[in-house]
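The structure appears below as structure tokens.
The values are calculated or read from the model by the stated rules, or taken from the named source; none is laboratory data. In this text the structure is predicted, and so the values were computed from the model without any measurement. Cβ sites come from the backbone with ideal geometry, for glycine too, and all protein chains shown count toward neighbours.
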Amino acid sequence: MSRVLTTNNSTQKDNAAGGANGGKWRETFFRIVPAFDSLRTYSRRSLGLDTMAGVTVATVAVPQAMAYAQVAGLPAHYGLYTAIVMTAVGALFDSSKQLINGPTNAISIAVLSALVAFPEADRPQLAILLAFLVGAVQALITLLRLGDLNRYISHAVIVGFTLGAVPEGPVNLADALLSPAALRPFVVNWEEVALHFIRVVQADAIADGSSESSSLLARLLSYEGLRELSHSAAVEDAPRPLLPIHLRKSGVSLHLFTTIATFGTPQDITVQEIRIESFFPMDEPTARFFRDPAAPRGC
């Protein structure tokens, strides 16, 4: 007895096509979620090394994340949520082994600046909404393949963001208060403050005759309106021992006064040139602001 075996070509083609499609979907999945792709070649030795690295990083990341949350004006446990969720999601979807996830000082300061004008009870919900909006914008940037646009961002901007927008080198207080690009828009009694600092710097330039004092005076007088203000004020308007400063920004109003302390009868010329300027709150809301910057504002 003999049997005739027939081959179904269409079935073979379907199986081959199904295998090809399955392999294509598998590769696509591994490309989208690289963590599962790495499990195919993951070893016990890698598990031990990663466990040690994870414990080491956690000892630093946990208190750091809690501190960043408080910098942003949020309860400390939200920092833990951010660090844990971002690390887990990043481990699944990030293709780089060197990428650092979680909150940073610059992001915390940016979040605080956005939430400081709102009541403390509403900040967690607003922070979650802000995080969602930022994530949506980043997802849109990814879908539109706009990541290459960061090449057009200057190095100075990137460095400033990385350092928390801290300028390089020491900042002169007179420059910061009188410059239109710094604190001048937020100084309510700006003319009073400006006249005080002009008189102080003028006295320094006459007394020591240094190029630094002369350069600072010239820079201050170059700001809009300062030269006219200096000429309009009476010459006998000497600097006062106490200067009130009223700052207002985003609904927050601060009242401070500043004093300068010097050594009365120093025996050393270097000590004679030392002056210590201190700022003190003039009212309870201002004092409360500096005791707890994240507290709700009633001023």
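The table for this structure:
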| quantity | calculated |
| --- | --- |
| Residue match in the range 210-219 (condition: over 28 Å from Glu284 (Cβ atoms), at pLDDT below 80 and in a loop (DSSP other than H, G, I, E, B)) | yes |
| Matching entry among Ala83, Ala127, Ala88, Ala121 (being out of contact with any Gly (no Cβ under 8 Å at 6 or more places or on another chain) and within 30 Å of Asp37 (Cα to Cα)) | Ala88 |
| In the range 125-153, the residues that are part of a loop (DSSP other than H, G, I, E, B) and under 20 Å from the mean Cα position of the chain (by Cα) | Ile153 |
| Any helices (runs of 4 or more DSSP H) falling wholly within the range 221-299 and containing at least 2 residues that are modelled with pLDDT of 70 or more | 226-232, 284-291 |
| Conditions (1) modelled with pLDDT of 85 or more; (2) under 22 Å from Gln125 (Cα atoms); number of the one not met by Gly73 | (1) |
| Conditions (1) free of Cβ contacts under 8 Å to residues at least 24 places away in the same chain; (2) surrounded by 14 or more Cβ atoms within 10 Å (Cβ to Cβ); number of the one not met by Ala72 | (1) |
